[in-house]
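Data block below; observations after.
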Amino acid sequence: MVWTLILKSLYFFLPAYIANMAPVLFKKLPFFNISISEKLFGKNKTWRGLIIAPLIGMLIFWLQKIAFNAGFTELAIIDYAHFSVWLGFLLGFGAIIGDLIESYYKRKANIPPGEKWIPFDQLDFVIGGLLFSFFMYVPKAEVMLVLVVGSPLLHIAVNHIGYWLGVNKSKF
């Protein structure tokens, strides 16, 4: 029962997870690699990331919608057939905005880009993704609890894997 709740919660939030990783995954694309504001957010927050993250969130949600309509409903906490891909956009946009806001406060605290700021580095995108999803859907409290508690652990694990694969420069 608990494992089912965890898997369903993670599956619901998949558009935000992938959107949060999108700027790193697409960093070699040669378009919009322009800092939004180096002074406010640091040099690593680009227009490319701000554009690509919500689009990837939409794409992942669309794939979940297709899977749901094809009968893959075991992990669904929502009826994907009755939700627009805009929910995926909101999850992805919220994730990247949460990261942007965290970067702003990181600069205000004089923490250099790339330096650890635990737990904010692991929670920023979760809080942003959840808050923006509220425009279309408010998950149950237990789903939000799983995401707020489990996402930092998952975030650390994914970053370690990225480090070992040579994608990330640090384990956090």
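Results, tabulated for the structure shown:
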item	result
Top-ranked residue of region 1-45 - restricted to ones that are among the polar types (S, T, N, Q) and crowded, with 19+ Cβ neighbours inside 10 Å, ranked as modelled with the lowest pLDDT	Asn20
Complete set of residues in region 61-96 that are closer than 30 Å to Asn168 by Cα and either buried (at least 20 other Cβ atoms within 10 Å of the Cβ) or polar (S, T, N, Q) (or both)	Phe61, Gln64, Leu87, Gly88, Phe89, Leu90, Leu91, Gly92, Phe93, Gly94, Ala95, Ile96
Filtered residues of region 8-47 (kept if without any contact (Cβ under 8 Å) to a residue 40 or more places away in the chain and either part of a loop (DSSP other than H, G, I, E, B) or closer than 16 Å to Gly98 by Cα (or both))	Phe26, Lys27, Lys28, Leu29, Pro30, Phe31, Phe32, Asn33, Ile34, Ser37, Thr46, Trp47
Condition met for Ile52 (out of contact with any Cys (no Cβ under 6 Å at 6 or more places or on another chain), farther than 30 Å from Ala141 by Cβ, surrounded by 21 or more Cβ atoms within 10 Å (Cβ to Cβ) and β-branched (Val, Ile, Thr))	yes
Residue tally, condition more than 29 Å from Leu5 (Cβ to Cβ) and modelled with pLDDT of 90 or more, over region 76-117	2
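The values are calculated or read from the model by the stated rules, or taken from the named source; none is laboratory data. As the structure is a prediction and not an experimental result, all values here were calculated from the model. So basically every Cβ, Gly included, is an ideal-geometry build from the backbone, and we count neighbours across all protein chains shown.
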